[in-house]
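Participant: Submitted below is the structure of interest, expressed as structure tokens.
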Amino acid sequence: MILLNAFKILGKLHFFIFILMLLSVTLNCKKNKDKIDSQWDDFFEFRKGDIPLIIVAPHGGDLKPNWIENRDCDGSVITKDLYTLDIAFQIENELVKMGYKPFIVFAKIHRIKLDLNRSLKTSHCEDDTSNELWQLFHDQIFTFRQEIIKNYDRGLLIDIHGHGHPIQRIELGYLLDSEKLNKLSRDESSIQHGETSINSLIENHPENKQLGDLIFGDNALGSLLSKNGFPTVPSSIERAPKYNEPFFSGGTNTKNYGSKYQSGVDAIQLELNRSGLRQDIEDRERFSKIFAKILIEYMKFHYSDIFPSN
Ligand SMILES: [Zn+2]
């Protein structure tokens, strides 16, 4: 009798586990089906270019698929870099109008779902569902980077972001933090160019320009931006952030795809301020037009040995 009751209980337990398993399979199927129904392509914009320039925009997307968990673990920044995707598209358009096609890798997924300027492990909060998306995005940058090295030997990657710091100026990230920029500003031979994400550029510079010239000189990217009405640090005008002023010196993409750790493609992180640049449509248009021109001027000067003449 006791044995019979035990079998009955075991039977009920098995049935209960079976229902749980069925429920779990059904839920997973639903999740996968939603995932398959959404095209991966919807989350990105990739285009091959015809000049040695890659433009990356990882934080400007809006898409929030419900099959990817929101990022809510400690240290997760979940706000998008407002209007940076719009600006990235406009810069591409302006370059195309001038006769140049950059390689582009833009994300349309919202940062609350996936941070594409982080390592795979820290791009989400333990929800592996987005791993494939992360991989596709970074494989594409890697492939374009290799293609540029194959065709031109060297090239440049610009990683576009937007910052919320109180001082309304563009911040350029060469992997030199505020302390190093201040040191370099005082003594231009105090920092080795091997510490920067533009190491290859300086090693191969057609005019033999040095690190100080590339960061503070008249033809430095920051100086060209400042001269054209977009205050920038570092530049000839503002060489380094002051003590305690917040400053972004370059994130994972600048580290992984620039030339500090491998030669070939250089990288510069572009952190755009909000007021006077990202906020209003007229400013976004004005900036995109001017920046496209600056980019070509910059490449024609600093990469004259590899930049296609047309
Ligand atoms: Zn960002």
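Every number here is computed from the coordinates shown, using simple stated rules; none is lab data. Nothing here was measured: the structure is a model prediction, and the numbers come from that model. Cβ coordinates were reconstructed from backbone atoms using ideal geometry, including for glycine residues, and neighbour counts include every protein chain displayed.
Participant: Of everything in the stretch 244-258 that's in contact with a Gly (Cβ under 7 Å, 6 or more places away or on another chain) and not small (G, A, S), which residue is surrounded by the most Cβ atoms within 10 Å (Cβ to Cβ)?
Facilitator: T254
Participant: Take the stretch 151-164 and flag every residue that is part of a loop (DSSP other than H, G, I, E, B), within 16 Å of the ligand (Cβ to nearest atom) and either acidic (D, E) or in contact with a strand residue (DSSP E or B) (Cβ under 6 Å, 6 or more places away or on another chain) (or both). First the steps, then the outcome.
Facilitator: As a first pass, look at the stretch 151-164 and keep what is part of a loop (DSSP other than H, G, I, E, B): 153-154, 163-164.
Within this subset, residues satisfying the condition of being within 16 Å of the ligand (Cβ to nearest atom) are 163-164.
Of everything in the stretch 151-164, just one residue is part of a loop (DSSP other than H, G, I, E, B), within 16 Å of the ligand (Cβ to nearest atom) and either acidic (D, E) or in contact with a strand residue (DSSP E or B) (Cβ under 6 Å, 6 or more places away or on another chain) (or both), namely H163.
Participant: A further question on this structure: Hey, among the residues in the stretch 59-107 that are among the hydroxyl-bearing types (S, T, Y) and buried (at least 16 other Cβ atoms within 10 Å of the Cβ), which one's nearest to the ligand (Cβ to nearest atom)?
Facilitator: So in the stretch 59-107, the residues among the hydroxyl-bearing types (S, T, Y) come out as 76, 79, 83-84, 100.
If we keep only those that are buried (at least 16 other Cβ atoms within 10 Å of the Cβ) too, we end up with 76, 83-84, 100.
Values: S76: 13, Y83: 12, T84: 7, Y100: 25 Å.
Looking at residues that are among the hydroxyl-bearing types (S, T, Y) and buried (at least 16 other Cβ atoms within 10 Å of the Cβ), I get T84.
Participant: Return the total of residues in the stretch 66-107 being touching a Gly at 6+ places or on another chain (Cβ under 8 Å) and outside any loop (DSSP other than H, G, I, E, B).
Facilitator: So the count comes out to 9.
Participant: Within the stretch 191-250, work out how many residues are free of Cβ contacts under 8 Å to residues at least 60 places away in the same chain and aliphatic (A, V, I, L, M).
Facilitator: Residues in the stretch 191-250 being free of Cβ contacts under 8 Å to residues at least 60 places away in the same chain and aliphatic (A, V, I, L, M): 6 in total.
Participant: Please go through the stretch 108-141 and pick out each residue that is closer than 21 Å to G258 by Cβ, under 13 Å from the mean Cα position of the chain (by Cα) and of a type outside the set (G, A, S).
Facilitator: Selection gives D115, L116, N117, R118, W134, F137, H138, Q140, I141.
Participant: Here's a follow-up. Among the residues of the stretch 108-131, is any within 16 Å of the ligand (Cβ to nearest atom), of a type outside the set (S, T, N, Q) and in a strand (DSSP E or B)?
Facilitator: The answer is yes, given that some residue of the stretch 108-131 is within 16 Å of the ligand (Cβ to nearest atom), of a type outside the set (S, T, N, Q) and in a strand (DSSP E or B).
Participant: Given the options N253, N228, N204, N219, name the one that is closer than 25 Å to H59 by Cβ, in contact with an Asp or Glu (Cβ under 9 Å, 6 or more places away or on another chain) and of a type in the set (S, T, N, Q). Break it down into steps so the answer makes sense when it comes.
Facilitator: Values: N228 fails: in contact with an Asp or Glu (Cβ under 9 Å, 6 or more places away or on another chain); N204 fails: closer than 25 Å to H59 by Cβ; N219 fails: closer than 25 Å to H59 by Cβ.
Testing whether each residue is closer than 25 Å to H59 by Cβ, in contact with an Asp or Glu (Cβ under 9 Å, 6 or more places away or on another chain) and of a type in the set (S, T, N, Q) leaves just N253.
Participant: What is the number of the single condition among (1) over 16 Å from A88 (Cβ atoms); (2) out of contact with any Asp or Glu (no Cβ under 6 Å at 6 or more places or on another chain) that R286 does not meet?
Facilitator: Among (1) over 16 Å from A88 (Cβ atoms); (2) out of contact with any Asp or Glu (no Cβ under 6 Å at 6 or more places or on another chain), R286 violates only (1).
Participant: Tell me, which residue of the stretch 146-197 that is of a type in the set (S, T, Y) and buried (at least 16 other Cβ atoms within 10 Å of the Cβ) is nearest to S304 (Cα to Cα)? Give the derivation first.
Facilitator: So in the stretch 146-197, the residues of a type in the set (S, T, Y) come out as 152, 174, 178, 185, 189-190, 196-197.
So of that shortlist, the ones also buried (at least 16 other Cβ atoms within 10 Å of the Cβ) come out as 152, 174, 178, 185, 196-197.
Details: Y152: 11, Y174: 21, S178: 30, S185: 26, T196: 21, S197: 19 Å.
Looking at the filtered set, the residue picked out is Y152.
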